[in-house]
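Quick note: the coordinates plus some simple rules give every number you see, no bench work behind them. Since this is a predicted model, take the numbers as computed values, not measurements. No Cβ is skipped: glycine too gets one built from the backbone with ideal geometry, and neighbour counts run over all protein chains shown.
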Amino acid sequence: MTPAKYSIGIGDRFGRQAKAQLEAVLEAKADGIDIVPVWNKSFREHSIIGTGPADVRKEADDAVKAKNWQGSYHVDADHINLSNVDGFIEYSDFFTLDVADFTGKAADESNIDAFIVKCSRFAGNFTIDGIEREFNVTKDQILEIADKYLYAVKEAGKIYRHIKNIKGKDNFITEVSMDETERPQNPIEMFFILAAIADENIPAQTIAPKFTGRFNKGVDYVGDVEQFEKEFNDDLAVIRFAIIEFGLPEKLKLSVHSGSDKFSIYGPINKAIKRFDTGLHLKTAGTTWLEELIGLALAEGQGLEIAKEIYRKSLEKFCELCAPYATVIDIDKSRLPTFDEVEKWDGRTFALTLRHDQACELYNPNFRQLLHVGYKVAAQMGERFLCALEKYEDSIAQNVTTNILERHIKPIFY
Ligand SMILES: [Zn+2]
């Protein structure tokens, strides 16, 4: 199975917005931009919300039918490992193998030796088309990279073969992700990681490295945009080179686990993928749920009441909600509005404080990040929340579609 050139991972926490999300992809198609939608959900999200992989499959299939979508689409078992993949196998056709936890673990000495021997032809100087400077790599450097990543790639191989044995070789897309590691991978590290992936016979179609800078959930990129742009371009050059050098799948592309809304790097990404005429998978992180809140707030009445209640409970449960996301959020507690303040707001104020529009004076990234991780509160409301989603569907759907199309698809792919 080969993914299309452009694809977008659209997380949908509560599984109610697939049609509105697909509408954004349809509108892009009408503008001549082909993008394959991929509904991604991780084991962690499923556990918090109380859903399962079968729900995502049903949501995707239903939306595709309802919207008469003729193109391909996928259901992504996001960030899975050997311990939790089994529940996903029947319902997913895209697997994001997460081996971040295994980086830094030492592989067997014999494996490391064999890898060094294979890669020793790259010791010394070499150039990669598309990168101006010459690389000078020592055997010690290759050894260091092997020490850090070889075990993790071998683990990815185990997960891949486990899925392959059940689903059959060509019936799914494989992504290897290392984005949830502590340190970013530089282009040279990625080059040797790709060597190891090829060696392990993993037909990776997408690879998700950790990029330089901070990718906090639902807010803009924090870091040096110029440095990011340089690394991103180098990564694309490395991938192009590695495809030929190691015989990796011809359409292998980068997957950017964006955590959503990295607006300041969307421009450089757009330029780079055009420059290399290459594909891209953009994975967003469930910010559709925030559009649900915006839609509820703008509907006033009961909708706004529920949105406010979710904020109040999120404040109360601050520590519990933030803990699982500690490395990907930065909330300045002193800048969070008190509940008494929020209680007085109209729907528009709530929506503008939450909506990611940096030009808007009311926008508050702290408020946004807390609500981003506050989906557990809505999950605990159960039917009450789900009924509100239904009741205010029109107001919500508009916001969901506009957000994906205008703030993500257009800046990245147009
Ligand atoms: Zn990720």
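Taking only Cα atoms and a 10 Å spring cutoff, compute GNM fluctuations for the chain and point out the largest among 398, 380, 70.
Between 398, 380, 70, it is 70 that shows the largest mean-square fluctuation.
Tell me, what does the Kirkwood hydrodynamic radius of region 100-155 come to in angstroms if you use every pair of distinct C-alpha atoms? Mind dumping the intermediate values first?
Values: mean 1/r = 0.0827 Å⁻¹.
Roughly 12.1 Å, rounded to one decimal.
Restricting the calculation to Cα positions, tell me the Rg (one decimal) and the Dmax (whole number) of region 296-357 in Å.
12.4, 36
Under the rule a/c < 1.5 gives rounded, and otherwise a/b versus b/c splits prolate from oblate, where does region 220-260 land using the Cα gyration tensor?
Working: a/c = 5.11, a/b = 1.92, b/c = 2.66.
It is oblate, given that a/c is not under 1.5 and a/b is not larger than b/c.
Return a whole-number percent for the relative contact order of the chain, with Cα pairs under 8 Å and 6 or more residues apart as the contact set.
Values: 717 pairs, mean separation 74.4, N = 414.
Worked out over the chain, it gives 18 percent.
Label region 322-414 by shape, choosing from rounded, prolate and oblate, from the square roots a ≥ b ≥ c of the eigenvalues of the Cα gyration tensor; if a/c is under 1.5 it is rounded, and otherwise prolate applies when a/b is larger than b/c, oblate when it is not. Don't skip to the answer; put the middle values down first.
Details: a/c = 1.32, a/b = 1.07, b/c = 1.23.
Rounded shape, in that the Cα axes give a/c under 1.5.
Enter the per residue convex hull volume of the chain, computed from alpha-carbon coordinates, in Å³ rounded to the nearest integer. Let's see the in-between values first.
Values: hull volume 55.8 nm³, N = 414.
With only Cα atoms used, the chain gives 135 Å³ per residue.
On average over all directions, what projected area in square nanometres does region 1-73 have, based on the convex hull of its Cα atoms? Intermediate results must be reported in sequence, preceding the final value.
Numbers: hull surface 19.6 nm².
Quarter of the Cα hull surface area: 4.9 nm².
Find the centroid of the Cα atoms in region 104-142 and in region 46-63, then give the distance between the two in whole Å.
Computed from Cα coordinates, the inter-centre distance equals 42 Å.
Report ³J(HN,Hα) in whole Hz for each residue of region 363-368, in order, from the Karplus equation J = 6.51 cos²θ - 1.76 cosθ + 1.60 where θ = phi - 60°; Gly and Pro get x.
4, 10, x, 6, 4, 5
Report the extension gain between residue 34 and residue 117 in nm, rounded to one decimal, defined as 0.36 nm multiplied by the number of residues separating them, less their alpha carbon distance.
Working: separation 83, 0.36 × 83 = 29.88 nm, distance 4.25 nm.
My answer for the length gained is 25.6 nm.
Going by how many other beta carbons lie within 10 Å of each one, how would you line up 376, 274, 58, fewest first? Don't skip to the end; give the middle numbers.
Numbers: 376 17, 274 10, 58 14.
Least to most surrounded, the residues fall as 274, 58, 376.
By how many nm would the segment from residue 222 to residue 244 lengthen if fully extended, with 0.36 nm per residue of separation less the alpha-carbon distance?
On the way: separation 22, 0.36 × 22 = 7.92 nm, distance 3.38 nm.
Result: 4.5 nm gained on full extension.
Where both residues lie in the chain, what percent of DSSP beta bridges are antiparallel, nearest 5?
Working: 4 of 33 bridges.
Close to 10 percent.
Which shape class, rounded, prolate or oblate, goes with region 1-129 when its Cα gyration tensor gives a ≥ b ≥ c as root eigenvalues, a/c under 1.5 marks rounded, and past that a/b bigger than b/c marks prolate?
On the way: a/c = 3.34, a/b = 1.63, b/c = 2.05.
The shape class here is oblate.
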